[in-house]
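Following: one structure in structure tokens, then a few remarks.
The values are calculated or read from the model by the stated rules, or taken from the named source; none is laboratory data. No experiment lies behind these values; they were computed from the predicted model shown. Virtual Cβ from ideal backbone geometry, glycine too; neighbours counted across all protein chains shown. SASA here: full protein model, heavy atoms, side chains in, ligands and nucleic acids out. Shrake-Rupley method; radii C 1.70, N 1.55, O 1.52, S 1.80 Å.
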Amino acid sequence: MKNKTKIYNLLPVILPLILSLGTATVFKACGPMDNGMWMHCHGAQNAVVVVGIITAAIIALSAVVKDLRLIVSLKLSAIALSLAVTLVPGVIISLCKMNTMRCHAVMRPFVILFAVLTAVEELASIVVLFRKGKVSDERNLQRSFD
Amino acid sequence: MKEISRDLSIKNLIASPVRSIGLILLSALLSFAITAGSIVTGSLERGIDSLNARLGADIIIVDEESAAAEDNGDIILGGTDDNHYMDRSVADSLLTYEGIELVSGQLFLTSLSSGCCSFPVKIVGYDPETDFTISPWIKESHSSIPGDMEVLAGSNLGVSVGESISFYDTKVRVVAKLDKTGTDLDSSVYANINTLGALHRAAATKGLDYLDGAEPQSRLSSILIKVSEGSDISELVKRINMDLDGVKAIRTKAMISGISAGLSGISSVIAALVGVVWLLTIAVMMTVFVITGSLRKREFASLRIIGVSAKALAGIVIREGLLLCAAGSILGTVISLIVFILFGQAFAGLIGLPYLLPDLGTLLVTAVLSAAAASASGIVSSLIPAFAISRIDTALILREGY
């Protein structure tokens, strides 16, 4: 049962992993120019892939630690990272100037969708965590925060 | 008793999570199909209306080689992409034809990577004095008339008003962004002939002499003609094609009608697919409700015994169907909206036809109506099982151990 719970707790890692994997493959940015040079959007793609992996690692860590305070802190970090990654394509790193290009039409919407889903999922898990804590033993919850 | 029957519907659904989730997903699929079908059909219709409104010309004349290289529909949708040109004297000769009210020429250049894009941007040069297609569009969007070294940018270009953009290492200033049309016009920039001449000279310094040494003022890529009221457009097209060599006259409305016919075909297919999904969903849901109703006969008989009326019993079943479908409808509609709003541009590129997504208000209304229609299928699919359950013989069921 313990192992089953741990595996269940690790499921949220899937969303940021899909974000990274998808951005690197099917939903990637524009290809290189004729002269072989990459455009800015390629940098945005790489940044999203890396941040997605880091977010997945943080969520995985929050699934294995026991301290409630640490779990909540890690989840809040994951939320902050997920929201920040929505700003990478187009705001932090500029994309191509034509809205019909891949980086605008495919990569950016995909990043926004899965980053927001990750943030919402982690927020929901924090709410569930607190509700479970209230129902089971309020004194234990208080002790872990002291 | 009303409260019992209302609570029971919700508790019954929670008690059978697998069945409930399955039916919610089925309903979500239905509402997704209805919403997506409505959005796609509406966007295609808006696209063709937009193209119709933008075109303004009755006849378009292009170089014969361009006409041979490209489909007439493609020429209407986005002009010619190759660099074949006609002599400007063709436009001058058209002014002698009876029945022609207005003649205006356009010159296209295709830029290299302009520092913004890895694929060419079409630069459309037009004469503001004779033009009757772009100027009304400009006026409609309250934009400025471009002066020398100034351009109007199509809505797909990621540039702001006042920003400079380079073509062939020559800077031009963006004075306005045009409204979205849902066609290739959105990926072009518009400039006067003087600006185009400057850009052509810049291109020539890079070894790209598109006009083979000729001046831009002496060449045209296309000629747009507005025919006088009451004149026979088809007859004019025939005469022009017979009289002038090396060019082809195309009747624009006929081409747009052809594209419209194609679009209505697509809309019919979409409507048919949505109809099939709808019928299948109702059929599957009805089957599930009938089967589960049959399995729950003792439960319903017990409820009758404690005083729940036949009407309330039917209400429980209908309420279950409605709740499942409503939940699924909302889910499917939200997913559909997210997909089409976020990935609308990618979808438009895939279709390759005039495609103009409706505004947010229209999208929301479409979504609400689609969700309502999908939710109604929950009521429809639960009517027969509800009627059957309300007619159960309580004593028979409890006595014979059903």
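Quick one: is B:Leu263 assigned to a helix (DSSP H, G or I) and open to solvent by less than 20 Å² (accessible area, probe 1.4 Å)?
Values: assigned to a helix (DSSP H, G or I): yes; open to solvent by less than 20 Å² (accessible area, probe 1.4 Å): yes.
Taking the combined requirement at face value, the residue satisfies it.
Filtered by the rule that a residue be more than 14 Å from chain A (Cβ to nearest Cβ), β-branched (Val, Ile, Thr) and touching a strand residue (DSSP E or B) at 6+ places or on another chain (Cβ under 9 Å), region B:162-202 gives B:Val175, B:Ile193, B:Thr195.
Kindly indicate which of B:Thr292, B:Thr281, B:Thr287 is open to solvent by less than 10 Å² (accessible area, probe 1.4 Å), under 30 Å from B:Ser381 (Cβ atoms) and among the β-branched types (Val, Ile, Thr).
Values: B:Thr292 fails: open to solvent by less than 10 Å² (accessible area, probe 1.4 Å); B:Thr287 fails: open to solvent by less than 10 Å² (accessible area, probe 1.4 Å).
Exactly one residue qualifies, and that residue is B:Thr281.
Going through (1) under 16 Å from B:Ala53 (Cα atoms); (2) crowded, with 18+ Cβ neighbours inside 10 Å one by one, B:Phe132 falls short only on (2). For region A:35-45, state whether one or more residues are closer than 27 Å to B:Ala346 by Cβ and under 12 Å from the mean Cα position of the chain (by Cα). Checked region A:35-45: no residue is closer than 27 Å to B:Ala346 by Cβ and under 12 Å from the mean Cα position of the chain (by Cα). When region A:63-95 is examined, which residues are found to be in contact (Cβ under 8 Å) with a residue 24 or more places away in the chain, farther than 30 Å from A:Cys30 by Cα and over 13 Å from the mean Cα position of the chain (by Cα)? Listed by number, the residues that qualify are A:Ala63, A:Val64, A:Asp67, A:Leu68, A:Arg69, A:Ile71, A:Val72. Determine if region B:244-259 includes at least one residue that is over 29 Å from B:Ala53 (Cβ atoms) and either touching an Asp or Glu at 6+ places or on another chain (Cβ under 9 Å) or surrounded by 14 or more Cβ atoms within 10 Å (Cβ to Cβ) (or both). Among the residues of region B:244-259, at least one is over 29 Å from B:Ala53 (Cβ atoms) and either touching an Asp or Glu at 6+ places or on another chain (Cβ under 9 Å) or surrounded by 14 or more Cβ atoms within 10 Å (Cβ to Cβ) (or both), which makes the answer yes. Screening B:Tyr355 against (1) open to solvent by 30 Å² or more (accessible area, probe 1.4 Å); (2) of a type in the set (Phe, Trp, Tyr); (3) not in a helix (DSSP H, G or I) leaves a single unmet condition, (1).
Are any of the residues in region A:80-88 within 14 Å of chain B (Cβ to nearest Cβ), open to solvent by less than 50 Å² (accessible area, probe 1.4 Å) and either closer than 23 Å to B:Gly344 by Cα or at pLDDT below 95 (or both)? For region A:80-88, residues within 14 Å of chain B (Cβ to nearest Cβ), open to solvent by less than 50 Å² (accessible area, probe 1.4 Å) and either closer than 23 Å to B:Gly344 by Cα or at pLDDT below 95 (or both): present. The requirement of being under 23 Å from the mean Cα position of the chain (by Cα), open to solvent by 30 Å² or more (accessible area, probe 1.4 Å) and within 14 Å of chain A (Cβ to nearest Cβ) is fulfilled nowhere in region B:358-375; no residue meets it.
Filtering region B:113-157 to residues that are within 14 Å of chain A (Cβ to nearest Cβ), modelled with pLDDT of 65 or more and under 24 Å from B:Arg219 (Cα atoms) leaves B:Pro120, B:Val121, B:Lys122, B:Ile123, B:Val151, B:Ala153, B:Gly154. Within region A:96-116, residues that are more than 14 Å from A:Ala29 (Cβ to Cβ) and more than 9 Å from chain B (Cβ to nearest Cβ) reach partners that are β-branched (Val, Ile, Thr) and assigned to a loop (DSSP other than H, G, I, E, B) with beta carbons closer than 6 Å, at six or more positions or on different chains, in the pairs A:Ala115/A:Thr86. Filtering B:Ile14, B:Ile24 for residues that are hydrophobic (A, V, I, L, M, F, W, C), touching a residue at least 12 places away in the same chain (Cβ under 8 Å) and in a helix (DSSP H, G or I) leaves a single hit, B:Ile24.
Restricting region B:241-270 to residues that are in contact with a helix residue (DSSP H, G or I) (Cβ under 6 Å, 6 or more places away or on another chain) and of a type in the set (D, E, K, R), the residue that is farthest from B:Thr41 (Cα to Cα) is B:Lys248.
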